[in-house]
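Here is the structure we will look at.
The values are calculated or read from the model by the stated rules, or taken from the named source; none is laboratory data. The structure presented is a predicted model; accordingly, all values stated were derived computationally and were not measured. Accessible surface areas use protein heavy atoms only, side chains included; no ligands, DNA or RNA. Shrake-Rupley method; radii C 1.70, N 1.55, O 1.52, S 1.80 Å.
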Amino acid sequence: MDHQQLGSQPPSHRVQQFPPSPRQLISNRNAKHHNAPREANSTGIALPADIIIKGSQILTSDCQQAGLATAQSFAVMTGSLTPGPNAVLRHNTPSALQMLSPHQRWAHGLLIEDTVAPVHFINRATNGTGHGWAINAGVGWNLRGYSIVQSPPLGANWCIGCSGTIDGRINETFVQPGKQVAPRSLSAYQLTARTN
């Protein structure tokens, strides 16, 4: 897939967007951060995204960020009203400044598993253009990094087997926090169940 430059991003930053099309696999991609550190709070500019998921049945597997650990970004994010199901497996980032996060307005059905990257399933309230609840039916599975899990009214987001720092503020659902659960990979388990 070709890199696309977004008009709102700095010229040195490239982003991969995956449009609404079913069953895409993004595997072993490397996003490199060579530009100066980014800080949205001091510049007023929104954080850039390295991978934006906007479709359904998109799997990102074994991707990573490389370069400056101080390059703040959304490593993987969903766009507005992303229908899901989608999955992010074993994503690696050099620091806690690159997060995996639904971004705005009701994405649905995202599995993030087996990563140390920060994961945020949250209400963004009036941030940006009034992003509101970013996700419903999000699942963090065997996460080892910082996780914020909030659930919207009449919905649920889960963190199952999350052993990193967890922050549950609103109607959170944590199952077996502090230790990993079996199977290690929910995605691999489901794939095996479907193909047998």
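General remarks:
- Under Karplus coefficients 6.51, -1.76 and 1.60, residue-wise ³J(HN,Hα) of the stretch 90-99 in Hz, glycine/proline x: 6, 7, 10, 10, x, 7, 6, 7, 10, 10
- Under-5 Å amide H pairs with VAL181, H placed in peptide plane, nonlocal only: ASN142
- Taking amide H as placed 1.01 Å from N in the peptide plane, the amide H of ALA66 sits under 5 Å from that of ALA31, LYS32, HIS33, each at least 5 places away or on another chain.
- Diffusion coefficient of the stretch 132-196 by Stokes-Einstein, Kirkwood radius over Cα pairs, 25 °C, 0.890 mPa s: 197 µm²/s.
- For the stretch 54-180, diffusion coefficient by Stokes-Einstein and Kirkwood Rh (Cα), 20 °C, 1.002 mPa s, µm²/s: 151
- Put ARG144, ARG194 in order of accessible area, highest first, and with a 1.4 Å probe you get ARG194, ARG144.
- Distant-in-sequence amide contacts of LEU111, defined by a placed amide H-H separation under 5 Å and a gap of 5 or more residues or a different chain, comprise ASN86, ALA87, VAL88, VAL139.
- In order along the stretch 102-107, the Karplus-derived 3J(HN,Hα) couplings, from 6.51 cos²θ - 1.76 cosθ + 1.60 at θ = phi - 60°, round to x, 9, 7, 6, 6, 5 Hz, and Gly and Pro are given as x.
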